[in-house]
C-alpha cells in the first residue's frame, strides 16, 4: 500500500550502508561511522524503527530536530540534521552509538537518500512531470486515457488521488514528500507500470520533493496568481514552477507558449522542447477552433500531420490541456490515430466542470476553480452552455493568499448574471471576514439581492443557487470540485458539493 504523507517509514527491502546512501552528497560534519547498515528511512520519528535512518526536516508546522531523541529511542541508528552537531550534546549520541550527520539542506538530503534507497525508481519508468497553476489534474486524466486506449497500464500521482492499475489511494497532498514519492514509483516499477504522470506543485518544487528524480518529459501549462501565502511574491511562485526545468533532470519539455512565462521558458530551453498554443505559431496548435455547448472542435496541427479533433470537454482552457496531452503523447511515441482515439474516450474529469443530472431543465456543474484565472476560465466556458442566465457559487479559502479575494469577487460578479458568495474552506479564519474581502472587489453597479447574494453556509448557498435556477439556466459551483470535505476552524467535516447538489435537485424535482 502507498504510504500516507509522513506517517509511515519505508518498508524494508534490503540493507543499505550509510556510505551508499550518502555517497556524493555534501556533508558538513559527522559523528560516528558511515559503515552502519540501514533498513528503512523515515522523516516522521513515530515511524522510525530498528536500523532506521531518520532525516530531521523543517516542516510547515513542526521542526523535525525536536524529534531526533524520539527517533533514536525507537531504534534509529543514524540521523541527518541541519543543526551543528555541537548543539546536540544533550542527546547522548556517543553512548547511544548513533551516527549523526550534519548537512546544509536536510530536504535535499531526504530526496537524495530516498532515490538511492529505492534504487532510482524514476529511472525505471517514464516519468512525466506536469507543473503550472491550472490544468495539471485534467492533463493527468487525459494522458492516462491516451495510454489506456493504447493498452498500457499507467500510474497517476496528483490532487484527486494516487493510482495505478486497479489500485487507488487517497491523496493528502498533490505531490507527496520525496520519500513517499520514491516509494510509490518503486511500487509502480515493480508492478511493470511503464509511465507515471505526476502533478508537480510549486510547494513540492520549493521543498525539493522531486529533486534527484529523472523526468522523461516536463510539461508547463500556464502561470497565474496562486499560493502567494506560501511563496510571498509572484516572482518566487514563478521561479518555483520553473525549478522543475532548471533544477531537475528533464530530458524533454512541452511548453504552452501562449503564456508569457512559457515563452520565456521556450527561449531558455530551445532544444528538446515542443511548443503548444492557440494564438501563436506553436508546433502543436489548434486552428479553426469552435467552442459549443457540446464541447470543443478544432484542427490539431502537428509536425506529424493534422487531426480533426472533437471532444466533450468545454472551454478554451481545456483546449490548452488537450494540446499539451497531444504533444506529450507524440513525444512518447503515440500516433495521431492513438491520440484521436484516446482523447475521444474521455467524457469528464472528476470535479472539473463535472455535470450533475437528475432530469432538471437547467445545467448544474461543479468545478475546482479556486483562483481568479481559473474562475474566469470556468465562467467563460459555462457561458457557452448557457441559454439563459449564468448563476455562480464561489468563495475563497482561509489562511491562503488574501490578495486574490477581491479579484475573485470582481470576476465572479462580472461574468455571472447572478452570484452567490459563500464559504470555501475557511480553515482558522472567520468565514464572514473572508466574504467581506471578496465583497470589496465587486463593482458599485452590482446590487446585493439582484446581482449577488451572500450565504455564509455553503449548503445554503448551493440551495439558493439551485432554487433560483430556471429553464435554460446554468449553475456553476466553483472552488471545491472533487473535494469531499470542508475545513472549518472547529475541524474538518464531510462536505461534497456534488452530494449537496444532488440532494437539492432531488428536492426540487419533487416540488
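The values are calculated or read from the model by the stated rules, or taken from the named source; none is laboratory data. What you see is a predicted model; the values in this text were computed from it and never measured. When we count neighbours, we look across all protein chains shown, and the Cβ atoms used for this are built from the backbone with ideal geometry, even at glycine.
Looking across segment 281-293, just one residue is more than 16 Å from residue 325 (Cβ to Cβ), free of Cβ contacts under 8 Å to residues at least 60 places away in the same chain and part of a loop (DSSP other than H, G, I, E, B), and that is 281. Counting only residues that are within 30 Å of residue 396 (Cα to Cα) and at pLDDT 95 or above, segment 324-359 holds 2 of them. Output the number of the condition that residue 456 fails; it satisfies all remaining conditions of (1) at pLDDT 95 or above; (2) exposed (fewer than 12 other Cβ atoms within 10 Å of the Cβ); (3) at negative phi. The failed condition is (2).
Comparison of 142, 125 shows that the only residue that is farther than 22 Å from residue 237 by Cα, surrounded by 24 or more Cβ atoms within 10 Å (Cβ to Cβ) and in contact with a helix residue (DSSP H, G or I) (Cβ under 8 Å, 6 or more places away or on another chain) is 142. When segment 452-487 is filtered for residues that are part of a strand (DSSP E or B) and out of contact with any helix residue (DSSP H, G or I) (no Cβ under 8 Å at 6 or more places or on another chain), the ones remaining, listed by number, are 485, 487.
When you look at residue 72, is it part of a strand (DSSP E or B) and either touching a strand residue (DSSP E or B) at 6+ places or on another chain (Cβ under 8 Å) or in the same structural domain as residue 20 (by TED's automatic domain parsing) (or both), yes or no? It would help to see each step written out before you state the result.
Working: part of a strand (DSSP E or B): no; either touching a strand residue (DSSP E or B) at 6+ places or on another chain (Cβ under 8 Å) or in the same structural domain as residue 20 (by TED's automatic domain parsing) (or both): yes.
When the stated conditions are applied, residue 72 does not pass them.
Scanning segment 48-66 for residues that are over 25 Å from the mean Cα position of the chain (by Cα) and surrounded by fewer than 20 Cβ atoms within 10 Å (Cβ to Cβ) returns 49, 50, 51, 65, 66.
Among the helices (runs of 4 or more DSSP H) contained in segment 294-394, which hold 2 or more residues that are in contact with a helix residue (DSSP H, G or I) (Cβ under 6 Å, 6 or more places away or on another chain) and under 17 Å from residue 465 (Cβ atoms)? Steps first, answer last, please.
Details: elements: 316-331, 336-345, 372-383.
Output list reads 372-383.
Can you pull out the helices (runs of 4 or more DSSP H) entirely within segment 187-264 that have at least 3 residues that are surrounded by fewer than 20 Cβ atoms within 10 Å (Cβ to Cβ)?
On the way: elements: 202-206, 228-231, 234-246.
Because the criterion is at least 3 residues that are surrounded by fewer than 20 Cβ atoms within 10 Å (Cβ to Cβ), the helices (runs of 4 or more DSSP H) in segment 187-264 that meet it are 228-231, 234-246.
One residue is enough: does segment 418-437 have a residue meeting the conditions within 21 Å of residue 291 (Cα to Cα) and surrounded by fewer than 20 Cβ atoms within 10 Å (Cβ to Cβ)? No: zero hits.
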